[in-house]
Structure formats: structure tokens, C-alpha cells
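Working notes for the structure below.
The values are calculated or read from the model by the stated rules, or taken from the named source; none is laboratory data. Keep in mind the model is a prediction, meaning the values are calculated, not measured. Cβ: placed from backbone, ideal geometry, glycine included. Neighbour counts: every protein chain shown.
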Amino acid sequence: MRSLARPLLASWFIYGGIRDALEPGAPAAAAEPVVGPLLKDMGVQVPVETLVRVHATATAATAAVLAMSRSPRTAGVALSGLAAVTVAAGAPFWRLPEGEERDAAFDQFMKNLSLLGGAMLAATVGHSAGHVKRKAAHKAKAKAKANKAAERAKAERKRT
């Protein structure tokens, strides 16, 4: 189940990350009211579009790691942090007046919140029991092979 769930969860993060890295205009405009004042208060002179590109690239890369089940817990933790930033700044519906635009932003906020929950779940679940057993068996086989080679080398040294 996990081998299917991880790529499915990661697919939206990969798609959204690539999309936002290539076209950061709309996400930067949505994040500007939240991020802009923070940057100004800190005295940082970085365009919000640049931050959106960096965030989007990191999100897509981290999601790809999760999809390939390489370090799934670490990828899940990193993806959770990146998703939390998206939740906080990606769709600030609370800044919009009542109406269709606010409703659409709220829907986006809820989707981002759901994806954050999925990333948090990914951070808490490691590899499957089968994967762990296969990895342990592979290590044991490699260790036995190394021990056998060492014994042969030792026997060869005794003969000479």
C-alpha cells in the first residue's frame, strides 16, 4: 500500500512545485500580502517571486525523494515544513472580502491543509516490513560473503 501511496501523495507536490517554479507570478501575488511585510520587517531585499521559485523547486525535489521511497521519513518531515509554508502564505483567504474569490482561496487553503496532513503522515511511517526484512537479509548476505572472503584470505596467508 505504501509503495502506491507515497507516489500518489508526492504527485501533487511535484506537479505544483514544477508549475510554480516555471510560473511563479500567481503564487507570488497570493503570498505577497503575507510574505512581503515579513521580508520588509527583517530588512531582506529578496523578491517574493524568487522565494516562490526556490520553495517550489525544493518542494518538487523533496516530493520526488518521497515518491521514490528514499528516506521516506526524512522526505516527509521536509515536505511537511514546505507544505506548512504553503498553508500559511499560499492562499490567505482571510484577507479577502466575502465572495467567490474568497471561497476559491478557502478551497485552496483546505487542499493545502490536507496535503500538509498527508506529508505529516508520510513523516511518521517508514518503510514497509517487507522492505526492512529484505534490507536486513541483503546486509546479512553481504556480511556472510565478506566473512567468507576474509576466512579465505586468512587461510591463504597461512599456506604461504
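If you scan segment 108-127, which residues turn out to be outside any helix (DSSP H, G or I) and either in contact (Cβ under 8 Å) with a residue 60 or more places away in the chain or on the phi > 0 side of the Ramachandran plot (or both)?
125, 127
Of all residues in segment 91-107, which are assigned to a loop (DSSP other than H, G, I, E, B) and either outside the structural domain of residue 35 (by TED's automatic domain parsing) or not acidic (Asp, Glu) (or both)?
Hits for segment 91-107 are 91, 92, 96, 97, 99.
Hey, among the residues in segment 33-51 that are farther than 20 Å from residue 83 by Cα and among the charged types (D, E, K, R), which one's surrounded by the fewest Cβ atoms within 10 Å (Cβ to Cβ)?
Across segment 33-51, the extreme among qualifying residues is 41.
Name the residues in segment 52-77 that are modelled with pLDDT under 95 and crowded, with 20+ Cβ neighbours inside 10 Å, would you?
66, 72, 75, 76
Please go through (1) farther than 19 Å from residue 105 by Cα; (2) within 15 Å of the chain's Cα centre (by Cα); (3) surrounded by 14 or more Cβ atoms within 10 Å (Cβ to Cβ) for residue 17 and return the number of the only condition it doesn't satisfy.
(1)
Of 88, 78, which residue is in contact (Cβ under 8 Å) with a residue 24 or more places away in the chain and in the same structural domain as residue 34 (by TED's automatic domain parsing)?
Criteria check complete, one pass: 88.
What number goes with the only condition from (1) at pLDDT below 90; (2) within 19 Å of the chain's Cα centre (by Cα); (3) crowded, with 18+ Cβ neighbours inside 10 Å that residue 30 does not pass?
Only one criterion in (1) at pLDDT below 90; (2) within 19 Å of the chain's Cα centre (by Cα); (3) crowded, with 18+ Cβ neighbours inside 10 Å is unmet by residue 30, namely (2).
Name, by its number, the condition in (1) outside the structural domain of residue 10 (by TED's automatic domain parsing); (2) under 20 Å from residue 7 (Cβ atoms) that does not hold for residue 159.
So the condition that residue 159 fails would be (2).
Pairs needed: first member in segment 20-35, assigned by TED's automatic domain parsing to the domain that holds residue 61 and assigned to a helix (DSSP H, G or I); second member anywhere, charged (D, E, K, R) and modelled with pLDDT under 90; C-beta distance under 6 Å; at least 6 residues apart or different chains.
Pairs that qualify, where the first residue is assigned by TED's automatic domain parsing to the domain that holds residue 61 and assigned to a helix (DSSP H, G or I) and the partner is charged (D, E, K, R) and modelled with pLDDT under 90, are 33/95.
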